[in-house]
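A.B. asks: Below you'll find the structure I mean.
The values are calculated or read from the model by the stated rules, or taken from the named source; none is laboratory data. Just so you know, these numbers come straight off a predicted model, no measurement behind them. Cβ sites come from the backbone with ideal geometry, for glycine too, and all protein chains shown count toward neighbours.
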There are 2 protein chains.
Amino acid sequence: MTEKLSDAERDGELKELLSNGWSMVEDRDAIAKTFEFKNFVEAFGFMSRCALHAEKLDHHPEWFNVFKTVKVTLSTHDVGGLSPLDVKLAKKMDALA
Amino acid sequence: MTEKLSDAERDGELKELLSNGWSMVEDRDAIAKTFEFKNFVEAFGFMSRCALHAEKLDHHPEWFNVFKTVKVTLSTHDVGGLSPLDVKLAKKMDALA
């Protein structure tokens with residue numbers, strides 16, 4: 001069962017993400033990152049690759065796209081905040097970008 | 001060259017869209033619609049089909065997705081408001097949903 005990120009995980013993996021372009025969302029236990037690409041094809045290609053992984057992980061992003069920009073927000077609805085699933089998906093998205 | 005929607009087009013095709021789930025965005029010459037699907041696969045499938053058409057049309061939506069919901073906003077940056085391209089893409093999206 002998924003649980004909220006532990007203090008140790010926040011000091012470790014989460015901190016690592018925060019030093020890699022992710023930031024905490026105001027008033028929510030969630031992280032966000034804006035990805036910029038060359039054009040729409042690159043941006044939507046990234047979203048498509050992420051979508052397949054998100055579905056496999058059964059954990060989905062909140063995301064906004066306009067042309068070559070993709071703004072992603074991650075949080076885990078079931079636990080009301082960040083869980084290890086968000087860390088996993090964030091790392092995967094960084095790798096896919 | 002793309003131009004802003006004429007008054008006649010606003011009274012015709014735009015009005016038709018507004019009676020079909022689209023609404024004017026506050027403080028912007030733009031239209032928006034929220035599409036709901038059964039699940040993420042259906043929602044992202046819709047986005048993928050729209051993306052191919054948007055790219056072909058060389059006119060792209062602003063859109064937000066979380067799980068099975070897709071919120072679309074359409075406007076034409078180059079003309080600073082609604083153009084026939086938005087009407088075309090909106091109709092296509094309705095057909096694809």
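A.B. asks: Determine if the range A:30-51 includes at least one residue that is farther than 21 Å from B:Pro61 by Cβ, outside any strand (DSSP E or B) and within 13 Å of chain B (Cβ to nearest Cβ).
C.D. replies: yes
A.B. asks: Select, from A:Phe37, A:Phe44, the only residue that is free of Cβ contacts under 8 Å to residues at least 24 places away in the same chain, among the aromatic types (Phe, Trp, Tyr) and in contact with a helix residue (DSSP H, G or I) (Cβ under 6 Å, 6 or more places away or on another chain). Please lay out each step first, then the result.
C.D. replies: Details: A:Phe37 fails: free of Cβ contacts under 8 Å to residues at least 24 places away in the same chain.
Checking each option against the conditions leaves just A:Phe44.
A.B. asks: Follow-up question, since we're still on this one. Test B:Asp58 against the criterion of being within 13 Å of chain A (Cβ to nearest Cβ), charged (D, E, K, R), in contact with a helix residue (DSSP H, G or I) (Cβ under 9 Å, 6 or more places away or on another chain) and farther than 21 Å from A:Arg49 by Cβ, and give yes or no. Quick ask: steps written out before the conclusion?
C.D. replies: Numbers: within 13 Å of chain A (Cβ to nearest Cβ): yes; charged (D, E, K, R): yes; in contact with a helix residue (DSSP H, G or I) (Cβ under 9 Å, 6 or more places away or on another chain): yes; farther than 21 Å from A:Arg49 by Cβ: yes.
Criteria met by B:Asp58.
A.B. asks: Residues in the range B:16-25: is at least one assigned to a strand (DSSP E or B), in contact with a strand residue (DSSP E or B) (Cβ under 8 Å, 6 or more places away or on another chain) and away from chain A (no Cβ under 14 Å)? It would help to see each step written out before you state the result.
C.D. replies: Let us first name the residues in the range B:16-25 that are assigned to a strand (DSSP E or B), namely B:23-24.
So of that shortlist, the ones also in contact with a strand residue (DSSP E or B) (Cβ under 8 Å, 6 or more places away or on another chain) come out as B:23-24.
Narrowing further to those that are away from chain A (no Cβ under 14 Å): B:23-24.
Looking through the range B:16-25, at least one residue is assigned to a strand (DSSP E or B), in contact with a strand residue (DSSP E or B) (Cβ under 8 Å, 6 or more places away or on another chain) and away from chain A (no Cβ under 14 Å).
A.B. asks: Report yes if B:Trp63 is away from every other protein chain (no Cβ under 12 Å) and at pLDDT 95 or above, otherwise no. Even if it seems obvious, please write down each step before you answer.
C.D. replies: Details: away from every other protein chain (no Cβ under 12 Å): no; at pLDDT 95 or above: yes.
So B:Trp63 does not fit the description; no.
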